[in-house]
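Comments concern the structure below.
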Amino acid sequence: MMKVYLDNNATTMVDPEVKAAMDPYFTEIYGNPNSLHDFGTACHPALRKAMDHMYEALGARDEDDIVVTSCATESNNWVLKGIYFDLIKNGEKDHIITTEVEHPSITAVCRWLEEQGVHVTYLPVNQDGIVEAHTVRDFITDKTALVSIMWANNETGAIFPIEQIAEVCKEKGVLFHTDGVQAVGKIPVDVIKAGVDFMSFSAHKFHGPKGVGGLYIRNGHPLTSLLHGGEHMGGRRSGTLNVPGIVGMGKAMELATYYLKFEEENVRRLRDKLEDAILELPDIYSVGPRENRTPNTILVSVRGVEGEAMLWDLNRAGIAASTGSACASEDLEANPIMTAVGADSELAHTAVRLSLSRFTTEDEVDYTIEQFKKAVERLRSISSSYAYMPESMKDKQGEG
Ligand SMILES: Cc1ncc(COP(=O)(O)O)c(CNc2co[nH]c2=O)c1O
C-alpha cells in the first residue's frame, strides 16, 4: 500500500533544504538574539538573510514592515483586533467587511467583534466561490474601518480579485487586509502590485516549519500590538524570536519563489490529471473554474457519499485527504463552502478536498485515481441515498 499525502492545504512537509538551514540554530547557534554577547549576536546574520528573503519573495519595500508572528491565526487576530482598537473603539468607525468563506481565524474574530458592538458584513461568494470587487464597493460606507478578504480559499483554491478589491478600498479610503496563507508559495504574490495594506502568511503552508508566520504591513502602518512586553520586531510584536523558525521561513520563501513555475506547470498538470480522472465518474462535481484556482487544489462532491466516509476509505488506502464537513455530535455538518457556492443540502455533505504539492509524484496520482474510484464504487454500493442509473436505463424509465 502506498502512503500518499494530499492534504497540503492543511500543512506541508518541511522541505529538507529548509530543515538543513534550520538545524544549526537548535544546538550550535542557540543564543537569545536580544542578548549582547556573542552567543546572542551569532544568529543575527541568518535572521537578516531570512528577512531579506521574505521581503524579496513578497515584493515588499524597505519602508514596509514584515513582522514575524507565531502563525497566520495570530496575524489575522492582530489585524482585526488592532483595527478595532485603533479605528473603532478609539475612533469614528464601526464597520468591517469580510466574506462568508474566510478561515475561522477571521470569522471567529469577527463574531467576537460583533459581541463588542462592531457591525460586520459577511459578503456571500458567487458560484465560482469568489467575491467580485463591485460587490465590495456596494457595502463600503463612511464608517467602514477595514475590508478583510482572503487571497485564495483553503477549501476550493478559488483566487479572489485582490488587485481590483484593493483599488476599490483605496478609492474609498478604507484599509484592506488579505489572508494570503493559501496564495504564498502557490501563485505569484506581489504585495505592492496587489495594493494591500496588510497580508497574513504562514510558513507551514509552503514547506516551512509550523509555528511561525507573519504579517506584511504597508508603509509600517501603525497598528496596536496584540502582544506587549519587549522591543522585539521593532516593538511591534513582543516575544523572544523563534530563530530556527524564522530562518526556516526565510529559506522556504526563497524556495517557494524558485518553484513557482514548477507549481504552475508540473503541480497543475498532476492536479488536472487527477481531477479529470475523478470527473469521469458519474454524479461528481468539482468546485470552481480551474483557471481561477490555486494549481494544487481540488474540491469535489461525490453525490450519495458523505465526505467523511470518503475520507476514511481513502485513509485506509494510505491516502490523506480532507473535508470541510465538521463533525457535530452524531450529525455531520454540511461543508459551509459548498453551501456558499450554492450546492444543495445533500451535495454539501459530500465534499472531499485533495491538495497536492511539489513533492506529489505521478505514481501517487495514478494510485489515488485507482483508489478514489474504488472508494466511490464501494460506498455508493452501500449508500441508502444513491442509486446510479446508467443513461440507457433513464431513457427506458421515461417510457413508463
Ligand atoms: C486561509 C487560511 N488562513 C489561516 C489559516 C491558519 O493558519 P495557521 O494559524 O498558520 O495554521 C489557514 C490554515 N488552514 C487550514 C488548516 O487546516 N486545514 C486548512 O485548510 C488557512 O488556510
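The values are calculated or read from the model by the stated rules, or taken from the named source; none is laboratory data. Keep in mind that this is a model prediction, so the values were computed, not measured. Please note: Cβ atoms are built from the backbone with ideal geometry, for glycine as well, and neighbour counts cover all protein chains shown. The protein model used for the area step is the full one, side chains on, heavy atoms only, and it has no ligands, DNA or RNA in it. Shrake-Rupley method; radii C 1.70, N 1.55, O 1.52, S 1.80 Å.
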Next item on the list: Please report the Cα spread of region 191-290 along all three principal axes, rounded to whole Å, starting with the longest.
Entry: 58, 27, 26
Notebook entry, point to check: Cross-link list 210/251; 19/273; 19/205: which exceed 22 angstrom alpha carbon to alpha carbon?
Noted result: 19/273
Margin query: Averaging the inverse of every distinct alpha carbon separation and then flipping it gives the Kirkwood radius. What is it for region 27-166, in angstrom units?
Written below: 17.6 Å
Notebook entry, point to check: Given the protein chains as shown and a 1.4 Å probe, how many square angstrom of residue 264 are accessible, to the nearest 10?
Noted result: 80 Å²
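Quick one: work out the % antiparallel among DSSP beta bridges in region 83-240, nearest 5.
30 percent
Under a Cβ-Cβ cut-off of 14 Å, what is the net charge of the residues other than residue 256 that fall near it, where Lys and Arg count +1 and Asp and Glu count -1? Please report the intermediate quantities before stating the final value.
Values: positive: 186, 205, 251, 261, 358; negative: 15, 17, 56, 190, 254, 263, 264.
Within the 14 Å Cβ shell, the charges total -2.
Taking square-rooted eigenvalues a ≥ b ≥ c of the alpha carbon gyration tensor, is region 57-127 rounded, prolate or oblate, where a/c under 1.5 means rounded and, failing that, a/b exceeding b/c means prolate?
Values: a/c = 1.84, a/b = 1.29, b/c = 1.43.
It is oblate, given that a/c is not under 1.5 and a/b is not larger than b/c.
Divide the volume of the convex hull of the Cα atoms of region 1-51 by its number of residues and quote the answer in cubic angstrom per residue.
Details: hull volume 6.0 nm³, N = 51.
Each residue corresponds to 117 Å³ of Cα convex hull volume.
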Notebook entry, point to check: Which residue fluctuates the most in the chain, going by a Gaussian network model with Cα springs under 10 Å, if the choices are 286, 322, 225?
Noted result: 225
Checklist line | Qualifying GluC sites (Glu not before Pro) in region 1-73, DSSP loop, other Cβ atoms within 10 Å at most 14 | finding: 28, 63
Next item on the list: Any chance you could check the Cα centroid distance between region 254-281 and region 26-93 for me, in angstrom?
Entry: 31 Å
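Report the antiparallel proportion of the DSSP beta bridges in the chain as a percent, rounded to a multiple of 5.
On the way: 23 of 41 bridges.
Given both bridge residues lie in the chain, the antiparallel proportion sits at roughly 55 percent.
Quick one: in region 114-233, what % of C-alpha pairs are over 17 Å apart? If you can, show how the numbers build up before the last one.
Numbers: 4331 of 7140 pairs.
Cα-Cα pairs of region 114-233 separated by over 17 Å account for 61 percent.
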Notebook entry, point to check: How big is region 255-302 on each of its three principal axes, counting only the C-alpha atoms and giving the largest first in Å?
Noted result: 39, 16, 14
Check: What are the ³J(HN,Hα) values, in whole Hz, obtained from phi via the Karplus relation 6.51 cos²θ - 1.76 cosθ + 1.60 with θ = phi - 60°, for each residue of region 380-387 in sequence order, with x given for Gly and Pro?
Finding: 6, 5, 10, 7, 7, 10, 10, 10
Note to self: Can you list residues from other chains, or at least 5 along the same chain, whose modelled amide H is less than 5 Å from the amide H of residue 148?
What the structure shows: 97, 98, 177
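Sort 74-80, 157-163, 133-139 for me by packing, meaning the mean count of neighbouring Cβ atoms within 10 Å per residue, highest on top. Show your work: numbers first, answer last.
Numbers: 74-80: 25.1, 157-163: 22.4, 133-139: 16.0.
Per-residue Cβ counts within 10 Å, averaged per peptide and sorted highest first, yield 74-80, 157-163, 133-139.
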Notebook entry, point to check: Once you sort the root eigenvalues of the Cα gyration tensor of the chain as a ≥ b ≥ c, which label holds: rounded (a/c under 1.5), prolate (a/b larger than b/c) or oblate (the other case)?
Noted result: oblate
Checklist line | Unit charges at the beta carbon, dipole of region 246-311: most positive-side option, 292, 257, 304 | finding: 257
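Answer rounded, prolate or oblate for region 108-164, using the Cα gyration tensor with square roots of eigenvalues a ≥ b ≥ c: rounded when a/c is under 1.5, else prolate when a/b is larger than b/c, else oblate.
On the way: a/c = 2.34, a/b = 1.44, b/c = 1.62.
Since a/c reaches 1.5 but b/c is at least a/b, the shape of region 108-164 is classed as oblate.
Count the DSSP beta bridges whose two residues both fall in region 157-289, then state the antiparallel fraction as a percent rounded to the nearest 5.
Working: 5 of 9 bridges.
Within region 157-289, antiparallel bridges account for around 55 percent of the total.
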Checklist line | Among 240, 257, 11: highest mean-square fluctuation, GNM of the chain, C-alpha pairs under 10 Å | finding: 240
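First select every other residue whose beta carbon is under 9 angstrom from the beta carbon of residue 65; then total the charges, Lys and Arg +1, Asp and Glu -1.
Taking every Cβ under 9 Å from that of residue 65, the sum is 0.
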Next item on the list: Report in % the part of the accessible area of the chain that belongs to carbon and sulfur, leaving out ligands and nucleic acids; probe 1.4 Å.
Entry: 53 percent
Next item on the list: Skip the ligands, DNA and RNA, and give the accessible area per residue of the chain with a 1.4 Å probe, whole Å².
Entry: 44 Å²
